[in-house]
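Student: I have a structure I would like to understand better, so I am pasting it below and will then ask my questions one at a time.
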Amino acid sequence: MTTAMTANVTDLYPSRGATEVSTPRQDPVVWGAPGTPGPIPAGDLQSFERDGFLAVDQLIGADEVDVYHRELERLIADPAIRADERSIIEPKSKEIRSVFEVHKLSEVFAALVRDERVVGRARQILGSDVYVHQSRINVKPGFGASGFYWHSDFETWHAEDGLPNMRTVSVSIALTENHDTNGGLMIMPGSHRTFLGCAGATPKDNYKQSLQMQDAGTPSDEALTKMASEYGIKLFTGKAGSATWFDCNCMHGSGDNITPFPRSNVFIVFNSVDNAAVEPFAAPIRRPEFIGARDFTPVK
Ligand code: 6CS
Ligand code: FE
């Protein structure tokens, strides 16, 4: 067991050392006590515990989707947003790939974060008040937008952002239809119960490259083959307004989008206020606050 002491916090999940190393999950998946009131029915919480994810067919209505989709279009058409360091540009097409901290850039997305259908589910899963660790819109335009290689978000959020425990949940809300052809989210069901510590130290300023194409923190082919054979791979499709909630440690990724149909979503990461970021567990410096928040104010 690595006992790297970072601000007096034991490193439960070693990663980015010389070799790849698996550690069984040492945290609950659903932190809320059984029967905790909230929007998620008990049966769905149980499947979230088992699979590491929960699909919601219509988290927001079609009319609301138009509001959020128009807001996304407004943001990506704004030259000031494009020039902002919070915008990540597609390496090939030079189109906007993602815009981070949308809950601060846009009152429309700030309202979505506070919506009980959204934050209420996060509180129920995490069993506490929550704050936004990260938010982004992923545009994934058509005609070649590149995907996101296999990874565990928690591996990065632990190693680079200093989240001590697996008490973090993400929601991806589709703003355009997620077909089975335009680069949808893929998750290995059940993979959240094993932490895969990746080999290879984190380069300084890693985020400048990792948000376009992740390298540090990506699993080996052997590990991925073993996990995919054991867990399988589920592709998430759904209409605009559908959502996928997934545990921070799910092994997931998405393919390129070579169709003409954009696969745009808004992605919000809720962290428990009892799991606030400390110093990175396996990186030389913190990532910028627009990627890993340091404002732990609970969402009210
Ligand atoms: O590094 C991160 O925080 C981001 N990277 C990916 C590929 N997924 C999670 C997160 O948005
Ligand atoms: Fe991810």
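The values are calculated or read from the model by the stated rules, or taken from the named source; none is laboratory data. Predicted model, so just to flag it, every value in this text is computed and none were measured. When we count neighbours, we look across all protein chains shown, and the Cβ atoms used for this are built from the backbone with ideal geometry, even at glycine. Note: areas computed on protein heavy atoms with side chains; ligands, DNA, RNA excluded. Shrake-Rupley method; radii C 1.70, N 1.55, O 1.52, S 1.80 Å.
Student: With of a type in the set (S, T, N, Q) and open to solvent by 20 Å² or more (accessible area, probe 1.4 Å) as the only criterion, which of Gln124, Gln46 stands out? Even if it seems obvious, please write down each step before you answer.
Tutor: On the way: Gln124 fails: open to solvent by 20 Å² or more (accessible area, probe 1.4 Å).
Step by step, each of Gln124, Gln46 is checked, and only Gln46 is of a type in the set (S, T, N, Q) and open to solvent by 20 Å² or more (accessible area, probe 1.4 Å).
Student: Let me ask something else about it. I'd like to check something: does the stretch 89-99 contain any residue that is of a type outside the set (A, V, I, L, M), at pLDDT 95 or above, in a strand (DSSP E or B) and open to solvent by less than 20 Å² (accessible area, probe 1.4 Å)? Spell out how you get there, then give the answer.
Tutor: If we filter the stretch 89-99 for residues that are of a type outside the set (A, V, I, L, M), which is where we start, we get 90-95, 97-98.
If we keep only those that are at pLDDT 95 or above as well, we get none.
No.
Student: Let me ask you something else. Restricting the search to the stretch 223-254, which residues are open to solvent by 30 Å² or more (accessible area, probe 1.4 Å), out of contact with any Asp or Glu (no Cβ under 6 Å at 6 or more places or on another chain) and assigned to a loop (DSSP other than H, G, I, E, B)?
Tutor: The one that is open to solvent by 30 Å² or more (accessible area, probe 1.4 Å), out of contact with any Asp or Glu (no Cβ under 6 Å at 6 or more places or on another chain) and assigned to a loop (DSSP other than H, G, I, E, B): Ile233.
Student: Does Pro280 satisfy being open to solvent by less than 70 Å² (accessible area, probe 1.4 Å) and either of a type in the set (Asp, Glu) or part of a loop (DSSP other than H, G, I, E, B) (or both)? Don't jump to the end; show me each part of the working.
Tutor: Numbers: open to solvent by less than 70 Å² (accessible area, probe 1.4 Å): yes; either of a type in the set (Asp, Glu) or part of a loop (DSSP other than H, G, I, E, B) (or both): yes.
So Pro280 fits the description; yes.
Student: Pull up the stretch 124-156, narrow it to residues that are over 24 Å from Glu222 (Cβ atoms) and among the hydrophobic types (A, V, I, L, M, F, W, C), then point me to the one that is farthest from ligand 2 (Cβ to nearest atom).
Tutor: That would be Phe143.
Student: Then there's this: Do you know which residues across the stretch 160-169 are within 10 Å of ligand 1 (Cβ to nearest atom) and either more than 19 Å from Asp274 (Cβ to Cβ) or surrounded by fewer than 24 Cβ atoms within 10 Å (Cβ to Cβ) (or both)?
Tutor: Correct list: Glu160 only.
Student: Next question. Pairs please, first residue from the stretch 144-158 and open to solvent by 20 Å² or more (accessible area, probe 1.4 Å), second anywhere and within 8 Å of ligand 2 (Cβ to nearest atom), Cβ atoms under 6 Å, 6+ apart in sequence or on different chains.
Tutor: Partner pairs satisfying both residue conditions: Phe148/Gly253; Tyr149/Gly253; Trp150/Gly253.
Student: Moving on to the next point. Within the stretch 203-222, track down each residue that is more than 16 Å from ligand 2 (Cβ to nearest atom), part of a loop (DSSP other than H, G, I, E, B) and under 20 Å from Ser22 (Cα atoms). Lay out the reasoning, then the answer.
Tutor: We begin by selecting, within the stretch 203-222, every residue more than 16 Å from ligand 2 (Cβ to nearest atom); these are 203-205, 208, 220-222.
Still in the running and part of a loop (DSSP other than H, G, I, E, B): 203-205, 220.
Of everything in the stretch 203-222, just one residue is more than 16 Å from ligand 2 (Cβ to nearest atom), part of a loop (DSSP other than H, G, I, E, B) and under 20 Å from Ser22 (Cα atoms), namely Ser220.
Student: Counting just the residues of the stretch 255-272 that are of a type in the set (Phe, Trp, Tyr) and open to solvent by 10 Å² or more (accessible area, probe 1.4 Å), which one comes out farthest from ligand 1 (Cβ to nearest atom)? Break it down stepwise before answering.
Tutor: Going residue by residue through the stretch 255-272, those that are of a type in the set (Phe, Trp, Tyr) are 261, 267, 270.
So of that shortlist, the ones also open to solvent by 10 Å² or more (accessible area, probe 1.4 Å) come out as 261, 267.
Details: Phe261: 21, Phe267: 6 Å.
Across the stretch 255-272, the extreme among qualifying residues is Phe261.
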